[in-house]
1. Quick check, is Lys214 open to solvent by 20 Å² or more (accessible area, probe 1.4 Å) and outside any helix (DSSP H, G or I)?
2. Tally time: how many residues in the stretch 323-353 are among the acidic types (Asp, Glu) and out of contact with any Phe, Trp or Tyr (no Cβ under 9 Å at 6 or more places or on another chain)?
3. Give Asp142, Asp124, Asp155 a once-over and let me know the one that is under 23 Å from Met87 (Cα atoms), open to solvent by less than 50 Å² (accessible area, probe 1.4 Å) and acidic (Asp, Glu).
4. What is the number of the single condition among (1) crowded, with 19+ Cβ neighbours inside 10 Å; (2) within 21 Å of Asp155 (Cα to Cα); (3) at pLDDT 95 or above that Ala84 does not meet?
5. Those residues that are surrounded by fewer than 17 Cβ atoms within 10 Å (Cβ to Cβ) and of a type in the set (A, V, I, L, M, F, W, C), I need them from the stretch 377-391; list them, please.
6. I need the full set of residues from the stretch 253-282 which are assigned to a loop (DSSP other than H, G, I, E, B) and not β-branched (Val, Ile, Thr), in order please.
7. Among the candidates Gly372, Gly349, Gly326, Gly316, single out the residue that is open to solvent by 10 Å² or more (accessible area, probe 1.4 Å), out of contact with any Asp or Glu (no Cβ under 6 Å at 6 or more places or on another chain) and on the phi > 0 side of the Ramachandran plot.
8. What's the number of the condition Lys201 fails, among (1) surrounded by fewer than 15 Cβ atoms within 10 Å (Cβ to Cβ); (2) in contact with a helix residue (DSSP H, G or I) (Cβ under 9 Å, 6 or more places away or on another chain)?
Amino acid sequence: MDASRTAGKAKRLSILGSTGSIGTQALDVAEKTGCTITALTAHSRVEMLEAQARRYHPRLAVMADEKSAADLRVRLADTGVRVAAGMEGLCEAACMDDTDLVLNALVGMVGLRPTLAAMQAGRDVALANKETLVAGGALVMDTAARHQVRLLPVDSEHSAIFQCLQGAPPGNRALKRVILTASGGPFFGKTREELKRVGLKEALEHPNWSMGAKITIDSATMMNKGLELIEARWLFGVPPENIDIVIHRESVVHSLIEYDDHSVIAQLGVPDMRLPIQYAITWPERVPSPVKALDLADWGKLTFFRPDYDTFVCIGACREAIARGGLYPAAVNAANEQAVSLFRQEKIGFLDIGTLVCSALEHALPGTGGKGETLEEILAADEESRRYTMEAAQQLTR
């Protein structure tokens with residue numbers, strides 16, 4: 001992709017998932033950088049999407065279901081904003097002809113098809129939807145290459161790696177290792193015995209970041225870091241064995257890279273998602289940001305630890321899944337989504353999430369698991385893993 005085609009001008013954005021944590025911060029960044037909003041989508045927050053539509057004047061607003069969309073149509077009848085619903089609406093929002101960049105901040109596998117639709121329509125994608133690359137990495141990267149579009153990372157860790165690589169030799173040929181940092185979540189240092197007693201309230205109390213419920217629980221289990229490892233493999237073309245994870249409680253060093261000469265480069269900043277969001281929106285340029293400047297003296301010291309793979313088993317399950325390749329990453333991702341949903345309903349315990357993810361890795365897929373080269377294969381594996389996880393969860397609770 002030619003970076004110059006949108007450089008030096010305010011971009012036109014379609015934001016999928018505009019009422020969530022990333023989406024609302026993206027709107028704040030878009031407003032401050034002079035971007036135009038072409039489409040907004042939400043799952044169920046009708047009143048919030050109405051307020052956003054009235055403020056930012058998109059041509060299209062999308063709700064997850066027709067009932068919510070009908071409500072929104074009545075609310076926006078005086079605005080000229082068109083309202084659509086469901087996956088068809090999401091894909092339409094991702095393909096609008098007056099859009100430069102689609103920011104995908106959807107949660108879960110629902111984000112895969114709109115990402116593919118945007119790329120097939122020639123739209124660049126700023127990606128905050130982990131599941132897109134975890135479940136469909138090979139398909140997504142092939143689609144991006146065929147349609148010559150750019151996939152820009154929004155997650156703070158992958159944005160950090162992306163920023164560190166801006167001065168790399170062509171093709172990242174001197175890149176030796178990627179080092180992902182992890183906050184460790186609310187349960188850093190706890191034993192499995194201690195984690196048997198934690199509940200939903202404790203899992204939602206992240207020490208550094210304000211995020212949606214699902215990703216906050218993923219941080220508590222450290223599944224999020226396993227998912228990010230899989231993403232990094234696809235985004236940067238790095239073999240899984242060359243991707244390391246280090247616990248960094250302060251969340252100031254957002255990730256690092258190591259070159260062949262053992263030089264290590266890191267990207268640092270205060271823990272504020274508006275910074276990576278803004279870089280994805282304004283790339284290849286940098287513009288002033290509302291984010292607080294980093295003063296290292298204020299922090300005093302930065303600490304680093306090795307992950308506890310025995311306690312936080314989801315990391316190892318993800319590493320094994322991407323090592324096997326094919327549909328295994330889709331299977332562990334689906335199992336996690338299903339298990340987190342059950343935990344949020346307080347139907348299973350905290351440690352059961354990791355148990356179900358590991359079990360799905362070994363048992364959810366028949367045979368070799370398939371290659372995962374088509375959308376149909378990926379969606380079928382996702383469905384099968386969810387079915388298996390629900391059955392396995394029933395066995396745990398008997």
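The values are calculated or read from the model by the stated rules, or taken from the named source; none is laboratory data. Computed from a predicted model, the values in this text were never measured in an experiment. Heads up, the Cβs are rebuilt from the backbone with ideal geometry, glycines too, and the neighbour counts pull from every protein chain shown. These accessible areas exclude ligands, DNA and RNA; they are computed on the full protein's heavy atoms, side chains included. Shrake-Rupley method; radii C 1.70, N 1.55, O 1.52, S 1.80 Å.
1. Working: open to solvent by 20 Å² or more (accessible area, probe 1.4 Å): yes; outside any helix (DSSP H, G or I): no.
So Lys214 fails the test.
2. Quick first cut of the stretch 323-353, residues among the acidic types (Asp, Glu) only: 337, 346, 352.
Now drop any that are not out of contact with any Phe, Trp or Tyr (no Cβ under 9 Å at 6 or more places or on another chain), which leaves 337, 346.
Looking only at that region, the number is 2.
3. Values: Asp142 fails: open to solvent by less than 50 Å² (accessible area, probe 1.4 Å); Asp155 fails: under 23 Å from Met87 (Cα atoms).
Selected residue: Asp124, the only one of Asp142, Asp124, Asp155 that is under 23 Å from Met87 (Cα atoms), open to solvent by less than 50 Å² (accessible area, probe 1.4 Å) and acidic (Asp, Glu).
4. (2)
5. Answer for the stretch 377-391, where residues must be surrounded by fewer than 17 Cβ atoms within 10 Å (Cβ to Cβ) and of a type in the set (A, V, I, L, M, F, W, C): Ala380, Met390.
6. Asp260, Asp261, His262, Ser263, Gly269, Pro271, Asp272, Met273
7. Values: Gly372 fails: open to solvent by 10 Å² or more (accessible area, probe 1.4 Å); Gly349 fails: on the phi > 0 side of the Ramachandran plot; Gly316 fails: on the phi > 0 side of the Ramachandran plot.
Being open to solvent by 10 Å² or more (accessible area, probe 1.4 Å), out of contact with any Asp or Glu (no Cβ under 6 Å at 6 or more places or on another chain) and on the phi > 0 side of the Ramachandran plot holds for just one of Gly372, Gly349, Gly326, Gly316, which is Gly326.
8. (2)
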